[in-house]
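*Asks:* The following block contains the structure, expressed as structure tokens.
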Amino acid sequence: MNTPAIEIQHLVEFHETDMAGIVHFSNFFRYMEKCEHALARQLDPTGTHFSPESESLWPRVHASCDFHSPARFGDILIIRQFVTRIGDRSITYRFEIQEKAHLCMVATGQLVLAHAKKVHGVLQPQPLPDAIRSLLEPLRIDH
């Protein structure tokens with residue numbers, strides 16, 4: 001089993017559920033982003049590379065989520081993030097979302113972030129800085 005780059009927990013709140021009492025699908029993308037932000041704060045507490053104030057911008061170029069079983073109000077979810085690919089200009093993360101009490105897999109997902117900067121007001125792809133690569137490379141897994 002691969003070690004995640006980070007693992008967080010999230011208590012499902014009522015407003016995250018639909019009329020059937022099941023977590024609305026859109027919230028899984030929020031959970032993945034919540035985990036991603038926790039990793040960014042852990043790796044870069046000063047916000048040099050991953051904050052909105054930095055020169056680096058991180059538009060998502062791919063986002064996917066596969067649902068395996070429902071999550072409900074009051075469930076505690078364990079969200080694990082893995083660094084699966086570090087490209088020349090992008091980073092790929094994989095996520096596992098598991099319900100804590102029964103250890104069942106609720107969802108798996110993926111985010112691909114491009115590295116970009118604004119040049120004359122337009123987003124332009126940029127090579128991944130060596131500083132960011134060196135932060136992420138020790139966390140990368142082979143899948």
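The values are calculated or read from the model by the stated rules, or taken from the named source; none is laboratory data. Worth saying up front: this structure is predicted, and the values here are computed from it rather than measured. Every residue, glycine as well, gets a Cβ built from its backbone with ideal geometry; the counts of neighbours run over all protein chains shown.
*Asks:* Of the residues in the stretch 5-32, how many are touching a residue at least 12 places away in the same chain (Cβ under 8 Å) and either among the acidic types (Asp, Glu) or closer than 23 Å to Lys118 by Cα (or both)?
*Replies:* Adding up the residues that qualify gives 3.
*Asks:* Could you say whether any residue in the stretch 53-76 is at pLDDT 95 or above, part of a strand (DSSP E or B) and touching an Asp or Glu at 6+ places or on another chain (Cβ under 7 Å)?
*Replies:* No: the stretch 53-76 contains no residue that is at pLDDT 95 or above, part of a strand (DSSP E or B) and touching an Asp or Glu at 6+ places or on another chain (Cβ under 7 Å).
*Asks:* Restricting attention to the stretch 86-103, which residues are part of a strand (DSSP E or B) and either of a type outside the set (Gly, Ala, Ser) or at positive phi (or both)?
*Replies:* Answer for the stretch 86-103, where residues must be part of a strand (DSSP E or B) and either of a type outside the set (Gly, Ala, Ser) or at positive phi (or both): Ile86, Ile91, Thr92, Tyr93, Arg94, Phe95, Glu96, Ile97, Gln98, Glu99.
*Asks:* Considering only the stretch 9-27, I want to know if a residue exists there that is part of a strand (DSSP E or B) and under 14 Å from the mean Cα position of the chain (by Cα).
*Replies:* Yes, the stretch 9-27 contains a residue that is part of a strand (DSSP E or B) and under 14 Å from the mean Cα position of the chain (by Cα).
*Asks:* Restricting the search to the stretch 52-91, which residues are closer than 30 Å to Phe14 by Cα and among the polar types (S, T, N, Q)?
*Replies:* Correct list: Ser64, Ser69, Gln81.
*Asks:* Still on this model: Looking at the stretch 35-75, which of its residues are among the acidic types (Asp, Glu) and either loosely packed, with under 13 Cβ neighbours inside 10 Å or farther than 25 Å from Cys104 by Cβ (or both)?
*Replies:* Correct list: Asp44, Glu53, Glu55, Asp66.
*Asks:* Considering only residues that are without any contact (Cβ under 8 Å) to a residue 40 or more places away in the chain and not polar (S, T, N, Q), look in the stretch 107-141 and name the one that is nearest to Trp58 (Cα to Cα).
*Replies:* We begin by selecting, within the stretch 107-141, every residue without any contact (Cβ under 8 Å) to a residue 40 or more places away in the chain; these are 119-122, 124-125, 127, 130, 134, 138.
Remaining after also requiring not polar (S, T, N, Q): 119-122, 125, 127, 130, 138.
Values: Val119: 14, His120: 17, Gly121: 15, Val122: 13, Pro125: 10, Pro127: 12, Asp130: 16, Pro138: 20 Å.
Among those residues, the one meeting the criterion is Pro125.
*Asks:* Taking the stretch 104-139 only, how many residues are in contact with a helix residue (DSSP H, G or I) (Cβ under 9 Å, 6 or more places away or on another chain) and either surrounded by fewer than 12 Cβ atoms within 10 Å (Cβ to Cβ) or in a strand (DSSP E or B) (or both)?
*Replies:* 6
*Asks:* While we're looking at this one, here's another question. Working only within the stretch 85-143, note down all residues that are under 30 Å from His24 (Cα atoms) and among the hydroxyl-bearing types (Ser, Thr, Tyr).
*Replies:* Correct list: Ser90, Thr92, Tyr93, Thr108.
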